[in-house]
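The values are calculated or read from the model by the stated rules, or taken from the named source; none is laboratory data. Just so it is clear, the structure is predicted and the values come from calculations on it, not from any experiment. Heads up, the Cβs are rebuilt from the backbone with ideal geometry, glycines too, and the neighbour counts pull from every protein chain shown.
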Amino acid sequence: MYEKFYRSLYRIRRVEEEIARIYTTDKIKSPVHLSIGQEAVSVGVCEALGRDDIVFGTYRGHALYLAKGGDLRKMIAELYGKATGCAKGKGGSMHLIDTDVGVMGMSAVVGTTIPLAAGYAYALKLRGKNSVVASFFGDGAVDEGVFHESMNFAALKKIPIIFVCENNFYSIHSHQRARQALCNIAERARVYGMPAERIDGNDVLRIYERVMKGVQEIRSGSLGPRFFECMTYRWMEHVGPNEDFEAGYRLRSEAEPWFEKDQVKRLGDFLDPEARQMIEDEVEGEIREAFEFAEQSPFPDDVDLYTDTFKEA
Ligand SMILES: Cc1ncc(C[n+]2csc(CCOP(=O)(O)OP(=O)(O)O)c2C)c(N)n1
Ligand SMILES: [Mg+2]
C-alpha cells in the first residue's frame, strides 16, 4: 500500500515541478495553479475511490486528475494547448477532464463544480447506481452561495457524495480569517445535516482511512453526504510557477511546519530504498515521455475553433 501511495504522491510532485520548470519557456499556454504541498488530499481520497467513482475539481486540479488515474500524456498536451490534450487543447490546465476514469471536469469559476457534483450524485442515486461522487473545492468556494445551496440539497436528498474541502487558508491572498466569521468549515457543514470532520490534510493515510470508511458506508446503503475539511497548505504562489513568500501577504515561517510534514518524503521514507528507486525511475521515464508527446503533438486546426462549444447530439 505504501508503494502505491508513494508512487502517486511522487508522480504528482514531480509532474508539477516539471511544469514549473518548463513554464518559463512559454510552451505551456495556460495559467497553472500548482498543488505542490497539497497532494496528499487528492491521493488519500482517490485511493479510497474506485474506477467507477466520479470526481469533480477545480482549476487547481493536476493532483486530482492524476490521483484519479487521468492520462498524464493528455494532461501535459492539454497544458501545451495541443490537439491531443484531454480537452483537445481548448481547456488548458484549469479544465482537465478524463471521463474514462471518472474525472468529470474542473472549472476556473470558483464553486461551480460543487452543484454539478451534487447533481451527478443525485442522478446516480435515482438510477440506482453504486458509485460515489467526490467534490473537491477550496476554502474560498465556501464563500459562494452555491456551496450552501448544494450542502442543503445533498443532505436533504441523501445523495452519495463526499465533499472534500482543501482548506489551505487562502483565497488568492486573502486569509480565511479576513473572510469568514467562523473558520471551522466542518462545523458549518454539520449544520446542514451531514457528518463532517476536520482532518490533517497532510496525513495521507489518515485521509484514506477516513474517506474509505465514508465510501464503504455509502456503498452499503447508508446514503447521504459526508464532509471532510482537509487542512493543508499551498507551497507555491496562487497561480504560476514560483514561491511568493516575498509578496507581503504571508511569511515563510508560516509555511515551514508544513514543509516538515511533506508526505512525499514521509511515504518515501517508509519504503525499501531499492523499491523506492525503481518507482522513481519509472515515474521519471513516464514524465519525460509525456512532455515529449506534448512537444511533438500538433496544435488544433483552425476549423476546430467552433466545435465542442455545445454538446452536439
Ligand atoms: C466565482 C469566482 N469568483 C472569484 C474568482 C477569482 N478567484 C480565482 S481563484 C480564487 C481563490 C479561491 O480560493 P480557494 O477556493 O480557497 O481555492 P485555492 O485557490 O486556495 O485552491 C478566486 C477568488 C473566480 N475565479 N470565480
Ligand atoms: Mg484556498
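Among the residues of the range 224-234, count how many are over 15 Å from the mean Cα position of the chain (by Cα) and either within 16 Å of ligand 1 (Cβ to nearest atom) or under 23 Å from V204 (Cβ atoms) (or both). Qualifying residue count for the region: 3. Residue check: S174 meets all listed conditions (1) within 12 Å of ligand 1 (Cβ to nearest atom); (2) out of contact with any helix residue (DSSP H, G or I) (no Cβ under 7 Å at 6 or more places or on another chain); (3) under 19 Å from V211 (Cα atoms) but one, namely (3). Number of residues in the range 262-302 that are part of a helix (DSSP H, G or I), more than 19 Å from I22 (Cβ to Cβ) and among the hydrophobic types (A, V, I, L, M, F, W, C): the value is 6. Restricting attention to the range 24-42, which residues are assigned to a helix (DSSP H, G or I) and farther than 17 Å from L96 by Cα? Within the range 24-42, A40, V41 meet the criteria. Looking only at the range 89-109, residues that are touching a Phe, Trp or Tyr at 6+ places or on another chain (Cβ under 9 Å), part of a loop (DSSP other than H, G, I, E, B) and within 13 Å of F56 (Cβ to Cβ) come to 4 in all. The single condition among (1) more than 16 Å from ligand 2 (Cβ to nearest atom); (2) crowded, with 18+ Cβ neighbours inside 10 Å; (3) closer than 28 Å to G119 by Cα that Q263 does not meet is (3).
For the range 210-241, what are the residues that are loosely packed, with under 14 Cβ neighbours inside 10 Å and under 28 Å from R7 (Cβ atoms)?
Filtering the range 210-241 down to residues loosely packed, with under 14 Cβ neighbours inside 10 Å leaves 213, 216, 220-222.
Across the range 210-241, the qualifying residues are K213, Q216.
In summary, strands (runs of 3 or more DSSP E) completely within the range 119-225 and bearing 1 or more residues that are touching a residue at least 40 places away in the same chain (Cβ under 8 Å), within 16 Å of ligand 2 (Cβ to nearest atom) and of a type in the set (A, V, I, L, M, F, W, C) occur at 133-138, 161-167. Of the candidates R21, R73, the single residue that is in a helix (DSSP H, G or I), within 27 Å of W258 (Cβ to Cβ) and away from ligand 2 (no atom under 16 Å from the Cβ) is R21. Scanning the range 192-209 for residues that are at pLDDT 95 or above and buried (at least 24 other Cβ atoms within 10 Å of the Cβ) yields V204, I207. Between A63, A108, A123, A118, the distinction of being at pLDDT 95 or above and closer than 23 Å to Y6 by Cα belongs to A63 only.
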